[in-house]
Every structure is written in structure tokens, then in C-alpha cells.
Amino acid sequence: MAGRPIGMKRPPGAARGKAARAGAPRSSHAAWVRAADRADPVDVLLAQAQTRMPELVPIRHGRMLRSPSAFFRGTAAIMAADLAATPTSGIRVQLCGDAHLANFGAFAAPDRSLVFDLNDFDETLPGPWEWDVKRLAASIAVTGRDRGFPAAARAAAVCAAVGAYRQAMLEFAAMRTLDVWYARVDVERQFTGWSENADAERRLDLDRAIVRARRKDSLRALAKLTHDAGGEPRIISDPPLVVPIDELVAEGEGPRVRARLVSYLGLYAETLTPDRRLLFDGYRPVDVAHKVVGVGSVGTRAWIVLLLGRDAADPLFLQLKEAEDSALAPFAGPSRLPNQGRRVVEGQRLMQAAGDVLLGWLRVAEDLDGRARDYYVRQLWDAKASAPLDRLPQADMETYGELCGWTLARAHARAGDRFAIAAYLGSGDVFDEALAEFAETYADQNARDYAALQDAVSDGTLAADLDC
């Protein structure tokens, strides 16, 4: 008896996705109600400060004070607790963990083409796929408010992003598995499509954006972050944002501490595949400094290492960034990996279409302060670019949201049950509309939390450096 062709079989996940609607109707995602025992956001920030470099914590608070959307960038832990109380379908994927608009961007793939993807995985962990989508949706609403966009435009942008996620997931469910794995956004091809419908000024802006992205590499970092010291480059001093080792430690201790930090690279090299180890071995380290990065990460240990290959015109900048437990862990469960740096790297490799070839991790049994600490390692700059969210026109918010929504769906499709998610979402816009409502409600809460930060700085509960 002839059977159904293999390619026509209904994936078992599809039935699971349809069934999940009974326990968590798609419309139920519209709701978000503040829990009576919700933690004070200021207390959350104070708790996070306990494990960070105390002299840098005021910089973090100062950066979060710039606007409600800047504050939102530092609230992964606050929102994780809030999301834990929202409905979920029970379908888990590898989460980015912090999928707000500013954590998407362009960078160079190993084949040197520019790709668009998620670019921050500090909080990555398996968990409900809805959490990433809701953080993306809320970030659109918060950013739209900062820009003064009307409510209808914000809702349209959220629906566009979530609709793109839903439609992409339906498409990925119909694709062969290997095709899903290779799917990616080529920036230059994407920009060419946009340019066809843009005026001359907009086309020029897009061309300039590609040029700027391609220039942001190790050679650019060499020009911006170093000075000549007797014929060999050394990292500049720009405290408190960039501080060379000699300025961080007692007089005369610089060479010893520098050598200790350089020794961390040996631990990192052990996590590279043989071919990438051979690449790395072509460089020698020449200087180390501490560098403040981002908003949410400010205060964690982040070292930059300058290495040289053939000569002083052949630089490589690596970043060694401290990896703590994911902010999602108390609610999604701990990582199966005991090394938090490896958690970040493996999550990134699962979710990105084309990642950094020099990604790696290490554990230091006794760091400079005597504590055990995990790090992950990546290139500092590799043709990186991000959207200017503070200047993004209202007309472009929907387009950019769609790009982020498609990208997030592709990441989830690689690392989760795309058939179940697609079946759960379906072809209608019920989920899209629900998240537009959720995003506005959560933007209200973000505004209240931001006001709490302002009050805490005003009354001296939190210190803030407004100049960095």
C-alpha cells in the first residue's frame, strides 16, 4: 500500500502547537498585570551592583537615566521577572534573553559579507519563545514613545514586527531544515531593495551606512584606541571608559598583571577548534586595558586585548567579557552548562546565522580579585553597525521592526520547534494585535520604573555619572 510521501508528513510539533492554544489562547498575551509582590526596580539594580565593579556602577545608572528607552536596555532582569508571570504556550527555544531593538545589528560574516542578526547574548538561555518576542515588542513601544510617535504608529510598528515574526515562522516551518539553518539577511542586498523605493538622499544614507559598517574593524580600532609607543601601538587612556592596566594597579604592578591577563588567552585558546586555533596562534598579545561597554553590562569586567600579526599594521582586538548567570535563570531554570561563558557562546552559535570565528570562553579559578570568574571572548569590532534608533524616522520604524521580527524568528526556528510555534501562531493576526496591546501596557510600566530610577538618583539611593 502506498504511503504518504515523507515530505508531506505533518510534523508532530504542529499538533502540539495547535493544542497549546487551549491552555494559552493567543489573545491572552495582550494582558500584563503588575504583581502585588513585584520587586522594586531600584532594589533589582542595587542587587545587580553587588557583583559589579563599584567605581563603574554610577556610569551604568547614568546611561540608563538618559531616556526611558536607555533605561529599558538595562532592565533584562526586571522584565524577566515580569515575563515569568505571563501566559506561555509551553514551547521552549534557545532565547536571546534580551531581544530589544538595540541588540540587533550588522556585522561581517566569515565570508566577509555584511549580515544582519542578533548581536548580544549575555542573557541567552532556553525558555519560552514568547519572552523574546514580548521584549522586542515592548522595546518598539518604548522607543516610539521616546521619539514622540503617536500611539497608532507605535501599534502599527509592533504589529509589523510581530507579524513578520509570525509569517517568517510559517515560512520556516515549510522549509527544509538545512535551508532554515542557512537562511540569513544579507545587508547589502537588503539595502539595495530599500534603495529602489527611496529618494536620492535616502539612497546616499544607506550607502554611507554600509561604508561606515565596513570601516569599523580592527584597523579602525587601532586608529581610534591606540597611540604609538616607541614603534609599537599601545592602548590609549580615556578613563573611566578605557583604562590601560598600568593605571588600574599599583605602581610597578602593571607588567605582572598584564602578563596574568594575557595568560587568560591560553585558557581561551583551548576552546577553539584546531583551524581557528591556528588562526589565533598567528597573533601575539601586546597590550591590555579595561573598557566600559553597553548599558546593561556596565560594571562587569570587560578587557580588551590588542594583538598583532605580521606587523603593527596587522592588528586584532579581542574582548574578554565577564559572563554571569543569565537574568532569566531564576525564572527559566539554570543553564545546563556550568561555565557561563560557554553558555553565551553556545547560545550565540545556535541563534546566529553566521557568527564570529574567534568566539570562545574560559574560566579563571582565581581572578585579579581572588574570585573564580567566567568570561567569553569575541572580536571587539568586526564591521559592526547598528540602527540609529534615536534618529530613525517614524516611516522606517515598521520596516526596521519587520527586519528584527524576521531575524528573531529565524533564530528561534534554528534552535526550537518551528512547527509547533508556527501552528500555535497560525495565519491570522490575533497574536500580533495582542502584543501591540501588551507592548503599550508594559511601556507604561517601564515609564514608572524609569521614574523610580530618577527618584532614587535624586534622593541619593543610587549614584549616577551623567557624563559617560
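Restricting the search to region 372-388, which residues are farther than 20 Å from Gly341 by Cβ and either of a type in the set (Gly, Ala, Ser) or open to solvent by less than 30 Å² (accessible area, probe 1.4 Å) (or both)?
Passing the criteria: Ala383, Ala385, Ser386, Ala387.
Among (1) under 23 Å from Ala153 (Cα atoms); (2) among the aliphatic types (A, V, I, L, M); (3) open to solvent by 20 Å² or more (accessible area, probe 1.4 Å), where does Ala464 come up short?
Here Ala464 clears every test but (1).
Got at least one residue in region 304-318 being among the hydrophobic types (A, V, I, L, M, F, W, C), out of contact with any Cys (no Cβ under 9 Å at 6 or more places or on another chain), open to solvent by 20 Å² or more (accessible area, probe 1.4 Å) and part of a loop (DSSP other than H, G, I, E, B)?
In the first step, residues of region 304-318 are kept if they are among the hydrophobic types (A, V, I, L, M, F, W, C); the result is 304-308, 312-313, 316-318.
Right, trim to out of contact with any Cys (no Cβ under 9 Å at 6 or more places or on another chain) and you get 304-308, 312-313, 316-318.
Subsequent filtering for residues that are open to solvent by 20 Å² or more (accessible area, probe 1.4 Å) retains 312-313.
If we keep only those that are part of a loop (DSSP other than H, G, I, E, B) as well, we get 312-313.
Scanning region 304-318, I find at least one residue that is among the hydrophobic types (A, V, I, L, M, F, W, C), out of contact with any Cys (no Cβ under 9 Å at 6 or more places or on another chain), open to solvent by 20 Å² or more (accessible area, probe 1.4 Å) and part of a loop (DSSP other than H, G, I, E, B), so the answer is yes.
Looking at region 391-407, is at least one residue open to solvent by less than 30 Å² (accessible area, probe 1.4 Å), more than 24 Å from Arg276 (Cβ to Cβ) and of a type in the set (Val, Ile, Thr)? Let's see the steps before the verdict.
Residues of region 391-407 open to solvent by less than 30 Å² (accessible area, probe 1.4 Å): 392, 397, 400-401, 403-405, 407.
Among the residues that remain, those that are also more than 24 Å from Arg276 (Cβ to Cβ) are: 392, 397, 400-401, 403-405, 407.
Next, only the ones that are of a type in the set (Val, Ile, Thr) stay: 407.
Checked against the condition, which is being open to solvent by less than 30 Å² (accessible area, probe 1.4 Å), more than 24 Å from Arg276 (Cβ to Cβ) and of a type in the set (Val, Ile, Thr), region 391-407 yields at least one hit.
Here is a check on your reading of the model: is Leu362 closer than 16 Å to Arg276 by Cα, part of a loop (DSSP other than H, G, I, E, B), of a type in the set (A, V, I, L, M, F, W, C) and at pLDDT 95 or above? Break it down stepwise before answering.
Values: closer than 16 Å to Arg276 by Cα: yes; part of a loop (DSSP other than H, G, I, E, B): no; of a type in the set (A, V, I, L, M, F, W, C): yes; at pLDDT 95 or above: yes.
For Leu362, the condition - closer than 16 Å to Arg276 by Cα, part of a loop (DSSP other than H, G, I, E, B), of a type in the set (A, V, I, L, M, F, W, C) and at pLDDT 95 or above - is not met.
Scan region 407-417 and give yes if some residue there is in a helix (DSSP H, G or I), polar (S, T, N, Q), at pLDDT 95 or above and more than 25 Å from Glu188 (Cα to Cα), otherwise no. Spell out how you get there, then give the answer.
Step one: filter region 407-417 for residues in a helix (DSSP H, G or I), giving 407-415.
Now restrict to residues that are polar (S, T, N, Q): 407.
Remaining after also requiring at pLDDT 95 or above: 407.
Filter once more, keeping what is more than 25 Å from Glu188 (Cα to Cα): none.
No; the residues of region 407-417 include none that is in a helix (DSSP H, G or I), polar (S, T, N, Q), at pLDDT 95 or above and more than 25 Å from Glu188 (Cα to Cα).
Can you say whether Gly341 is touching a strand residue (DSSP E or B) at 6+ places or on another chain (Cβ under 7 Å) and either surrounded by 14 or more Cβ atoms within 10 Å (Cβ to Cβ) or among the acidic types (Asp, Glu) (or both), as far as the supplied structure shows?
On the way: touching a strand residue (DSSP E or B) at 6+ places or on another chain (Cβ under 7 Å): yes; either surrounded by 14 or more Cβ atoms within 10 Å (Cβ to Cβ) or among the acidic types (Asp, Glu) (or both): yes.
It is true that Gly341 is touching a strand residue (DSSP E or B) at 6+ places or on another chain (Cβ under 7 Å) and either surrounded by 14 or more Cβ atoms within 10 Å (Cβ to Cβ) or among the acidic types (Asp, Glu) (or both).
If you go through region 48-78 one residue at a time, how many are closer than 12 Å to Val142 by Cβ and open to solvent by 10 Å² or more (accessible area, probe 1.4 Å)?
5
Just give me the residues in region 107-151 being buried (at least 24 other Cβ atoms within 10 Å of the Cβ), of a type in the set (Ser, Thr, Tyr) and assigned to a loop (DSSP other than H, G, I, E, B), in sequence order.
Thr124
Give the number of residues within region 446-461 that are closer than 18 Å to Leu83 by Cα and either surrounded by fewer than 19 Cβ atoms within 10 Å (Cβ to Cβ) or acidic (Asp, Glu) (or both).
3
Restricting to region 335-383, name every residue that is of a type in the set (A, V, I, L, M, F, W, C) and in contact with a Gly (Cβ under 8 Å, 6 or more places away or on another chain). Before you say what the answer is, go through the steps one by one.
In the first step, residues of region 335-383 are kept if they are of a type in the set (A, V, I, L, M, F, W, C); the result is 337, 344-345, 350-351, 353-354, 357-359, 361-362, 364-365, 368, 372, 377, 380-381, 383.
Within region 335-383, Val345, Trp361, Leu362, Val377 qualify.
This table checks each residue for (1) open to solvent by less than 80 Å² (accessible area, probe 1.4 Å); (2) modelled with pLDDT of 95 or more; (3) of a type in the set (Asp, Glu); (4) not in a loop (DSSP other than H, G, I, E, B).
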| position | (1), (2), (3), (4) |
| --- | --- |
| Met175 | yes, yes, no, no |
| Gly193 | yes, no, no, yes |
| Val211 | no, no, no, yes |
| Leu219 | no, no, no, yes |
| Leu222 | yes, no, no, yes |
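Val457 versus (1) at pLDDT 95 or above; (2) assigned to a loop (DSSP other than H, G, I, E, B): which is the lone unmet condition?
In the conditions (1) at pLDDT 95 or above; (2) assigned to a loop (DSSP other than H, G, I, E, B), Val457 misses (2) alone.
Return the pairs, sorted by first residue and then second, in which the second residue is among the hydroxyl-bearing types (Ser, Thr, Tyr) and open to solvent by 60 Å² or more (accessible area, probe 1.4 Å), the first residue lies in region 33-57 and is at pLDDT 95 or above, the beta carbons are less than 8 Å apart, and the residues are 6+ apart or on different chains.
Close Cβ pairs (under 8 Å, with a partner that is among the hydroxyl-bearing types (Ser, Thr, Tyr) and open to solvent by 60 Å² or more (accessible area, probe 1.4 Å)) amount to Val42/Thr461; Leu46/Thr461.
Report yes if some residue within region 104-123 is within 27 Å of Ala35 (Cα to Cα) and in contact with a His (Cβ under 9 Å, 6 or more places away or on another chain); otherwise report no. Spell out how you get there, then give the answer.
Here is the first cut: in region 104-123, the residues within 27 Å of Ala35 (Cα to Cα) are 122-123.
Narrowing further to those that are in contact with a His (Cβ under 9 Å, 6 or more places away or on another chain): none.
No, the conditions are met nowhere in region 104-123.
Hey, among the residues in region 282-292 that are out of contact with any helix residue (DSSP H, G or I) (no Cβ under 7 Å at 6 or more places or on another chain) and open to solvent by less than 20 Å² (accessible area, probe 1.4 Å), which one's nearest to Ala77 (Cα to Cα)?
Here is the first cut: in region 282-292, the residues out of contact with any helix residue (DSSP H, G or I) (no Cβ under 7 Å at 6 or more places or on another chain) are 282-284, 286-287, 291.
With open to solvent by less than 20 Å² (accessible area, probe 1.4 Å) added as a condition, the list becomes 286-287.
Numbers: Val286: 37, Asp287: 34 Å.
Restricting to residues being out of contact with any helix residue (DSSP H, G or I) (no Cβ under 7 Å at 6 or more places or on another chain) and open to solvent by less than 20 Å² (accessible area, probe 1.4 Å), the top hit is Asp287.
Would you be able to tell me the number of residues in region 322-351 that are without any contact (Cβ under 8 Å) to a residue 60 or more places away in the chain, under 16 Å from the mean Cα position of the chain (by Cα) and not in a helix (DSSP H, G or I)?
Within region 322-351, residues that are without any contact (Cβ under 8 Å) to a residue 60 or more places away in the chain, under 16 Å from the mean Cα position of the chain (by Cα) and not in a helix (DSSP H, G or I) number 2.
The values are calculated or read from the model by the stated rules, or taken from the named source; none is laboratory data. From a predicted model like this one, the values you see are computed outputs, not experimental measurements. No Cβ is skipped: glycine too gets one built from the backbone with ideal geometry, and neighbour counts run over all protein chains shown. The accessibility values were calculated without ligands, DNA or RNA, using every heavy atom of the protein model including side chains. Shrake-Rupley method; radii C 1.70, N 1.55, O 1.52, S 1.80 Å.
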